[in-house]
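Q: Structure incoming, see below.
The values are calculated or read from the model by the stated rules, or taken from the named source; none is laboratory data. This structure is a prediction, so every number in the text was calculated from the model and none was measured. Note that each Cβ is placed from the backbone with ideal geometry, even for glycine, and that neighbours are counted across all protein chains shown. Each accessible area value is taken on the protein alone, full model and side chains, heavy atoms only, with ligands, DNA and RNA left out. Shrake-Rupley method; radii C 1.70, N 1.55, O 1.52, S 1.80 Å.
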Amino acid sequence: MRWYAQTDKNVLMRIPIMENGAGASAAHNSQQVDINKKLAELPVDIRLRAIDRLRVTSLRNNKTHLAKFLLILALIGPGILVMVADNDAGGVITYAQTGSIFGIGFFIPFMILMIPVAYVVQEMTIRLAAVTRRGHAEMIWKRYGRFWGSFSLADLVIANSLTLVTEFIGITFGLGIFGVKPVYAVLIGFAFVLFITMSFRYHNWERASLVVAFFNLVFIPLVFFAKPDWGLVASAFGTWKVPFGITPLFIYVLLANLGTTIAPWMLFFQQSSEVDKGTVPEDIKAARRDTIVGACIMAAVAISILIITGTLVFQPGVSVTSASSYNIQFILSMITHRIGMLPTKLFALGLIDAGLIAAIAITASTSWAVGEAMGWPKSINLPFLQGRKFYLPGLASMAVAAVIVLIPHVPLGFLNLTVQVIASIFMPAAMLFLLLLVNDREIMGKYANGKANNAAAIVIMCMLIAMSGLYGVSLVFPGLI
Amino acid sequence: MELKQDDYKFIKTEEDWNRFVKREKLLEYAAKPVKRAKIKGWVKFAFVVIRIYIIIMVVLVFLGFLHVL
């Protein structure tokens with residue numbers, strides 16, 4: 001007899017399973033199905049998913065308030081993770097620069113506007129996952145062929161690898177505030193993401209990632225250290241004030257904020273994550289709730305950073321012509337100067353956390369996408385040896401990113417620019433595939449987009465496509481706008 | 001975390017199990033292959049636009065990077 005817990009990845013369930021597949025059914029009468037035998041017949045990744053889904057179904061059948069609450073908790077995950085991970089190290093720096101340059105005004109209501117924008121786009125991935133039970137990369141590859149499949153995959157993998165570089169820069173800088181040397185900071189970051197990815201099966205990976213994501217909220221209490229003018233914050237919603245008018249810098253920062261809100265990896269991540277979680281059409285409502293909560297958290301964190309830096313770093317009357325004059329070192333030194341070292345350390349903690357949660361999500365996104373495209377086993381439920389092909393692409397891209405950060409005199413600014421440009425090239429294609437797939441009645445049936453869905457999605461996508469194109473051009477030709 | 005008997009008490013018979021597996025699409029994954037989509041009409045037009053967009057962007061990026069480097 002073997003113990004299930006000893007054969008699979010961090011499974012704490014201890015159900016004795018006989019070598020011949022017969023389960024411990026002594027407690028069951030002869031009319032009952034042998035649940036252990038049935039579970040043992042499934043491949044390991046599906047078996048673990050089945051266990052999670054047994055619990056979800058059991059909670060759904062139970063009508064008590066406690067069961068309803070536990071069901072809500074059981075079904076949260078991908079939506080919150082994708083939105084919080086979107087506030088990555090690069091995102092935190094972008095919001096901090098935005099608040100420092102433009103103060104409290106236009107960008108606060110703008111971030112509220114980003115909630116429905118992010119939700120409408122990500123919601124489509126939920127339906128695709130629930131109905132097709134396949135990831136985004138696999139659907140593109142199989143539905144639109146090898147060319148578009150490999151184009152999407154190559155773009156995603158390159159952009160993800162370079163984005164991981166920016167996450168390690170954030171982690172290194174944040175840990176530097178606590179006196180940790182860059183080489184140790186990179187090792188700590190790498191080891192942490194490796195531990196989360198390798199140690200848990202999907203359910204526990206998701207819960208561990210949610211705990212990491214929780215620390216992203218550190219920026220919200222920091223607002224109270226800054227003691228902002230709440231009247232000014234409230235009036236921003238009425239005036240949408242742009243301090244120095246519509247300048248090229250304003251357009252550049254606007255595009256950067258938009259690019260930070262919706263990134264191609266998010267589509268791939270949430271769809272694959274919902275598939276691995278086991279989301280079915282019955283769970284769509286709960287997954288939507290999960291996503292809207294995540295979008296609200298994303299906006300709350302972004303607005304908090306805007307308020308902190310808009311209060312402490314922004315200098316009224318001083319017109320800035322370049323975002324580079326407000327780098328993160330300068331912003332943190334201003335925060336220290338105004339309110340002391342403790343808030344600065346909390347800000348640095350938030351930056352480290354932003355880098356870590358994004359690195360966890362992006363690493364998983366790469367692994368899922370490569371696995372889906374190549375037809376390999378693709379689940380975080382897989383033990384490492386069985387799923388090594390699945391884990392290696394994500395871990396390899398993370399290792400490359402970690403090494404790049406440690407290379408002396410590496411042009412990190414150039415790499416950051418490259419990742420933004422690649423994302424801007426990839427974004428329209430990713431959006432088009434999403435819209436095509438979710439309108440495909442052959443695969444989506446009654447879950448295909450309705451007219452209202454399409455109207456909202458097309459408006460948002462046209463805006464995102466135009467903005468990402470403009471952003472891509474503005475990055476390589478800064479004088480053009 | 002332990003799978004308690006309460007978690008699967010709704011599965012009493014083989015039929016219950018089969019219904020559960022079907023509703024959760026646990027094994028449906030490999031059973032239903034995805035067919036290649038037919039590209040026609042506005043979709044064909046959209047693909048042409050995307051190809052043109054990508055070519056223009058790649059050329060601009062190439063020129064831009066030459067300028068940056």
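Q: Residues A:Val421, A:Val405: which one is in contact (Cβ under 8 Å) with a residue 40 or more places away in the chain, within 12 Å of chain B (Cβ to nearest Cβ) and crowded, with 20+ Cβ neighbours inside 10 Å?
A: When all the criteria are applied, what remains is A:Val421.
Q: Quick check on this structure: which one of A:Val320, A:Val293, A:Val313 is in the same structural domain as A:Ile262 (by TED's automatic domain parsing), in contact (Cβ under 8 Å) with a residue 40 or more places away in the chain, open to solvent by 60 Å² or more (accessible area, probe 1.4 Å) and under 29 Å from A:Ala234 (Cβ atoms)?
A: Only one candidate qualifies: A:Val293.
Q: When residues of the range A:356-396 are filtered for being open to solvent by 20 Å² or more (accessible area, probe 1.4 Å), part of a helix (DSSP H, G or I) and among the charged types (D, E, K, R), how many remain?
A: Count: 2.
Q: Quick one: which helices (runs of 4 or more DSSP H) lie wholly within the range A:34-94 and hold at least 3 residues that are within 14 Å of another protein chain (Cβ to nearest Cβ) and open to solvent by less than 20 Å² (accessible area, probe 1.4 Å)?
A: A:35-41, A:44-61
Q: Kindly indicate which of B:Phe10, B:Phe65 is modelled with pLDDT of 75 or more, at the interface with chain A (Cβ under 9 Å from one of its Cβ atoms) and open to solvent by less than 90 Å² (accessible area, probe 1.4 Å).
A: B:Phe10
Q: Given (1) surrounded by fewer than 20 Cβ atoms within 10 Å (Cβ to Cβ); (2) in a helix (DSSP H, G or I); (3) in contact (Cβ under 8 Å) with a residue 60 or more places away in the chain, where does A:Phe244 come up short, assuming only one miss?
A: Against the list (1) surrounded by fewer than 20 Cβ atoms within 10 Å (Cβ to Cβ); (2) in a helix (DSSP H, G or I); (3) in contact (Cβ under 8 Å) with a residue 60 or more places away in the chain, A:Phe244 comes up short only on (2).
Q: Still on this structure, I have one more. Taking A:Gly174, is it outside any helix (DSSP H, G or I) and farther than 27 Å from A:Val275 by Cα?
A: no
Q: Turning to a different aspect of this structure: In the range B:27-39, is there at least one residue being at pLDDT 85 or above and more than 9 Å from chain A (Cβ to nearest Cβ)?
A: Yes: the range B:27-39 contains one or more residues that are at pLDDT 85 or above and more than 9 Å from chain A (Cβ to nearest Cβ).
Q: Spot the failing condition for A:Ala448; the list is (1) within 20 Å of the chain's Cα centre (by Cα); (2) at pLDDT 95 or above, and only one is missed.
A: (1)
Q: Next up: Being in contact (Cβ under 8 Å) with a residue 60 or more places away in the chain, under 16 Å from the mean Cα position of the chain (by Cα), surrounded by 19 or more Cβ atoms within 10 Å (Cβ to Cβ) and farther than 29 Å from A:Val400 by Cα narrows it down to one residue among A:Val121, A:Val131, A:Val157; which is it?
A: A:Val121
Q: Kindly provide the set of residues from the range A:97-126 that are of a type in the set (A, V, I, L, M) and more than 17 Å from A:Leu435 (Cα to Cα), ordered by number.
A: Answer for the range A:97-126, where residues must be of a type in the set (A, V, I, L, M) and more than 17 Å from A:Leu435 (Cα to Cα): A:Ile101, A:Ile104, A:Ile108, A:Met111, A:Ile112, A:Leu113, A:Met114, A:Ile115.
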